[in-house]
Amino acid sequence: MGNAKPKKKLAVVTCMDARLVNFLSEKLGIKRGDAKVIKNAGNIVTDDVIRSLVVAIYCLGIEKILVVGHTDCGMKYIDVEDIKKKMIERGANPYFVTNLKCWLGKIDDEEKNVIEGVNIIKNHPAIPKDVSVEGYIIDVETGELKKLC
Ligand SMILES: [Zn+2]
């Protein structure tokens, strides 16, 4: 994995929001080969995000992690009952998990969600204490980055 090591020793955990494509990397000044970017709906720090971070830290030399949320995140507005209804209408089974709402990870507040994510990473037993973890929120309209923690 020689050339897969990110030049900036940086991992970014962010949202899959289409408005962030190219926009966030430009604001953070990261180019191809600079950083690991882990994305999901709502930049929620799940077990799978921790898994990717563990690989990034121990195999790829990551020393710094940024959790970057954004304003107007769609995960604040998801309607779990509506998703459930649509799943049933289309022949899918919303009861494959005991708590669909919890599984989907609806968020209440973008900033709080980032701070929670940073705390989960910092307190996770698989993450070493020498890795720095910071939380930011980006304004999807202006691109302004605000440090939260
Ligand atoms: Zn989002």
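If a residue has to be of a type in the set (A, V, I, L, M) and either buried (at least 20 other Cβ atoms within 10 Å of the Cβ) or on the phi > 0 side of the Ramachandran plot (or both) to count, how many in the stretch 2-19 make the cut? Walk me through how you get there before you give the answer.
Going residue by residue through the stretch 2-19, those that are of a type in the set (A, V, I, L, M) are 4, 10-13, 16, 18.
If we keep only those that are either buried (at least 20 other Cβ atoms within 10 Å of the Cβ) or on the phi > 0 side of the Ramachandran plot (or both) too, we end up with 11-13.
Here the count works out to 3.
Taking only pairs six or more apart or across chains, which ones have beta-carbon atoms under 6 Å, a first residue in the stretch 31-53 that is on the phi < 0 side of the Ramachandran plot, and a second residue that is within 16 Å of the ligand (Cβ to nearest atom) and assigned to a helix (DSSP H, G or I)?
ILE38/VAL49; ALA41/MET75; VAL45/GLY117
Among the residues of the stretch 93-110, is there at least one that is more than 16 Å from the ligand (Cβ to nearest atom), within 30 Å of GLU141 (Cα to Cα) and of a type in the set (D, E, K, R)?
From the stretch 93-110, those more than 16 Å from the ligand (Cβ to nearest atom) are 93-103; that's our starting set.
Filter once more, so that each one left must be within 30 Å of GLU141 (Cα to Cα): 101-103.
Remaining after also requiring of a type in the set (D, E, K, R): 101.
Yes; the residues of the stretch 93-110 include at least one that is more than 16 Å from the ligand (Cβ to nearest atom), within 30 Å of GLU141 (Cα to Cα) and of a type in the set (D, E, K, R).
Taking TYR136, is it more than 18 Å from the chain's Cα centre (by Cα) and over 16 Å from ASN40 (Cβ atoms)? Can you show your working first?
Values: more than 18 Å from the chain's Cα centre (by Cα): no; over 16 Å from ASN40 (Cβ atoms): yes.
Considered against the rule, which asks whether it is more than 18 Å from the chain's Cα centre (by Cα) and over 16 Å from ASN40 (Cβ atoms), TYR136 comes out as no.
Just checking, does the stretch 21-35 include any residue being surrounded by 17 or more Cβ atoms within 10 Å (Cβ to Cβ), within 14 Å of the ligand (Cβ to nearest atom) and within 23 Å of ILE120 (Cα to Cα)?
Scanning the stretch 21-35 turns up at least one residue that is surrounded by 17 or more Cβ atoms within 10 Å (Cβ to Cβ), within 14 Å of the ligand (Cβ to nearest atom) and within 23 Å of ILE120 (Cα to Cα).
Select from the stretch 4-25 the residues that are free of Cβ contacts under 8 Å to residues at least 60 places away in the same chain and over 24 Å from PRO128 (Cβ atoms) and list them in ascending order.
Taking the stretch 4-25 first, the residues free of Cβ contacts under 8 Å to residues at least 60 places away in the same chain are 4-12, 14, 16, 18, 21-22, 25.
Answer for the stretch 4-25, where residues must be free of Cβ contacts under 8 Å to residues at least 60 places away in the same chain and over 24 Å from PRO128 (Cβ atoms): MET16, ALA18, VAL21, ASN22, SER25.
Going through the stretch 88-142 one residue at a time, which ones are in a helix (DSSP H, G or I), open to solvent by 90 Å² or more (accessible area, probe 1.4 Å), at pLDDT 95 or above and of a type in the set (D, E, K, R)?
GLU89, LYS112, GLU116, LYS122
I'm trying to understand the selection: among the residues of the stretch 37-67, which are more than 16 Å from the ligand (Cβ to nearest atom), assigned to a strand (DSSP E or B) and open to solvent by less than 60 Å² (accessible area, probe 1.4 Å)? So that I can check it myself, show each step before the final result.
As a first pass, look at the stretch 37-67 and keep what is more than 16 Å from the ligand (Cβ to nearest atom): 47-48, 50-65.
The next check asks that each one be assigned to a strand (DSSP E or B); those that pass are 64-65.
Across the stretch 37-67, the qualifying residue is only ILE65.
Tell me, please, whether a residue that is within 14 Å of the ligand (Cβ to nearest atom), of a type in the set (Gly, Ala, Ser) and without any contact (Cβ under 8 Å) to a residue 60 or more places away in the chain can be found in the stretch 72-82.
Taking the stretch 72-82 first, the residues within 14 Å of the ligand (Cβ to nearest atom) are 72-78.
Next, only the ones that are of a type in the set (Gly, Ala, Ser) stay: 74.
Those still in the list that are without any contact (Cβ under 8 Å) to a residue 60 or more places away in the chain too: 74.
The answer is yes, given that some residue of the stretch 72-82 is within 14 Å of the ligand (Cβ to nearest atom), of a type in the set (Gly, Ala, Ser) and without any contact (Cβ under 8 Å) to a residue 60 or more places away in the chain.
Looking at the stretch 11-30, is at least one residue over 22 Å from LEU104 (Cα atoms) and touching a helix residue (DSSP H, G or I) at 6+ places or on another chain (Cβ under 7 Å)?
Looking through the stretch 11-30, at least one residue is over 22 Å from LEU104 (Cα atoms) and touching a helix residue (DSSP H, G or I) at 6+ places or on another chain (Cβ under 7 Å).
The values are calculated or read from the model by the stated rules, or taken from the named source; none is laboratory data. Bear in mind that the values here come from a model prediction, so they are computed numbers and not experimental data. Note that each Cβ is placed from the backbone with ideal geometry, even for glycine, and that neighbours are counted across all protein chains shown. Heavy atoms of the whole protein, side chains included, go into the accessibility calculation; ligands, DNA and RNA do not. Shrake-Rupley method; radii C 1.70, N 1.55, O 1.52, S 1.80 Å.
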